[in-house]
Amino acid sequence: MTTTQLPSPGRRVADPAKAVPPGRPHRRPRYLREQLSGWGMIAPAAILLLAFVFLPAILGFGLAFTNARLVSPRPVEFVGTDNFVRLFTDPTFWRALLNVSYFAVVVVPVQSALALAMAVLINKKFRGVNFFRTLYFLPVVTSMVVVSLLWMFMYRKDGLINEFLSTASFGLIHGPDWLNDTATAMPAIIILSIWQAAGFHMIIWLAGLQSISGELYEAAQLDGASRWHQFRYVTWPGLKHTRTLILVTITIQALGLFDQVSVMTQGGPLDSTTTIIYEAVRSGFKQQETSYASAISLVFFVLVLLISAVQRYLTREKD
C-alpha cells in the first residue's frame, strides 16, 4: 500500500505553468529599465557637455581658419593659416606667453609646497583643528572676482599693504603702486593667486596624507627615524600619485590665468600682466575678431596638451 505525501500547510507548491524557461527571459525588461535609467541620469550632463564644451570646441577649430568677426556685414571666408601667421608674428602674444610661463614657474612649486605644509600641520588631532581647516579653505570658496577686488584695494598706493609696511618700518619703507608698476604687477597677482588657491590643494594633499598607513610611521619610529626621515622615506613616497595630480592641476590653472588680470590690471601696465586667455577674450569680444581669438584658443589648447603630456611622461610609473 503506497502513501501520498501531502505538502505541509506552510509550504508553497510551484506551479508548472509558471515555471521559468531556460535563459530567464523575464530579466530582460528589468535590464532594459536599468539601462534606460542609467542613460536618463547621464543625459543632462551629456547634453550640457555637448552644447557648451564639444560643439564650441569644434566651432572654434573651424573659425580659426576663417576671417569671421563677431559682427560684420561681410560673409565668412576661408583664409587658411593667416590667423596663425599673424599670431606668431604678434609681439603681444609672445609677451603673454612669457608672462604665463613666469607665472606658472613661480606658482606651481610655491603653491604646492605651501599647500603641503598646511596639510601636514592640520593632519594631526588637536583642539581647534577643524577651525584651521576651515580658515585655510575659506579663500577657495570665495569668488575670485571678490578676492581680486579686495586685493586691488589693498594694493593701492595708499592701501592696507603699504600702510602696514610704512608702520612696521617706522616710515622708512614706502611701498610702490603695486598694480601700476611693471616690476611689481605680476608678483602682486602671483601672491594673490597663491593665497587664494592654496587651500584647495591643501585638501588634496590632506587626502593623500590620510591614505598612508599609520603602521609605517610606527615602524619608522621603532627604527629611530626622526621626523624629517619619516617625511622623506614614508610620507613623500606615499604621496607619489597625489603630487602628480597636484602638479597637473596647478599647472593647468596657472596657464589659464584670467580672472585676476581681467579685474585688477586688464593686461597692463604695458602688457606686463597680459596672458594668452586674456588676449583671446580681448580679441574675441572687445575687438570682435572671433577668428583670431579662435586661433589663440587653439594654440593654447595644444600648448596645455603638450605640457600635460610631458608632465605625465615624467611622472609615469617606472619599473
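Just a few scattered comments:
- There is at least one residue in segment 182-197 that is closer than 27 Å to I246 by Cα, assigned to a helix (DSSP H, G or I), aliphatic (A, V, I, L, M) and open to solvent by 40 Å² or more (accessible area, probe 1.4 Å).
- Cβ separations smaller than 6 Å between residues 6+ apart or across chains give the following pairs from segment 149-161 residues that are within 13 Å of N180 (Cα to Cα) and free of Cβ contacts under 8 Å to residues at least 40 places away in the same chain to residues that are open to solvent by less than 70 Å² (accessible area, probe 1.4 Å) and among the small types (G, A, S): F153/G159.
- Test: residue in segment 268-283 that is surrounded by 20 or more Cβ atoms within 10 Å (Cβ to Cβ), at pLDDT 90 or above, within 24 Å of M144 (Cα to Cα) and aromatic (F, W, Y): yes
- Qualifying residue in segment 207-215 (condition: of a type outside the set (S, T, N, Q), modelled with pLDDT under 90 and under 20 Å from A119 (Cβ atoms)): yes
- Selection of first residues in segment 181-198 that are over 11 Å from V107 (Cβ atoms) and at pLDDT 90 or above and of second residues that are assigned to a loop (DSSP other than H, G, I, E, B) and of a type in the set (F, W, Y), restricted to Cβ pairs under 6 Å at least 6 apart or on distinct chains, gives the following pairs, ordered by first then second residue: A188/Y155.
- Counted residues, segment 63-83 - those being small (G, A, S), within 19 Å of V281 (Cβ to Cβ) and exposed (fewer than 15 other Cβ atoms within 10 Å of the Cβ): 1
- Exactly one residue out of A96, A183, A104, A188 is touching a Ser or Thr at 6+ places or on another chain (Cβ under 7 Å) and under 16 Å from G267 (Cα atoms): that is A96.
The values are calculated or read from the model by the stated rules, or taken from the named source; none is laboratory data. Predicted model only: the values in this text are computed from it and were never measured. A quick note on method: Cβ atoms are made from the backbone with ideal geometry, for glycine too, and the neighbour counts reach across all protein chains shown. Surface areas here come from the heavy atoms of the whole protein model, side chains and all, with no ligands, DNA or RNA. Shrake-Rupley method; radii C 1.70, N 1.55, O 1.52, S 1.80 Å.
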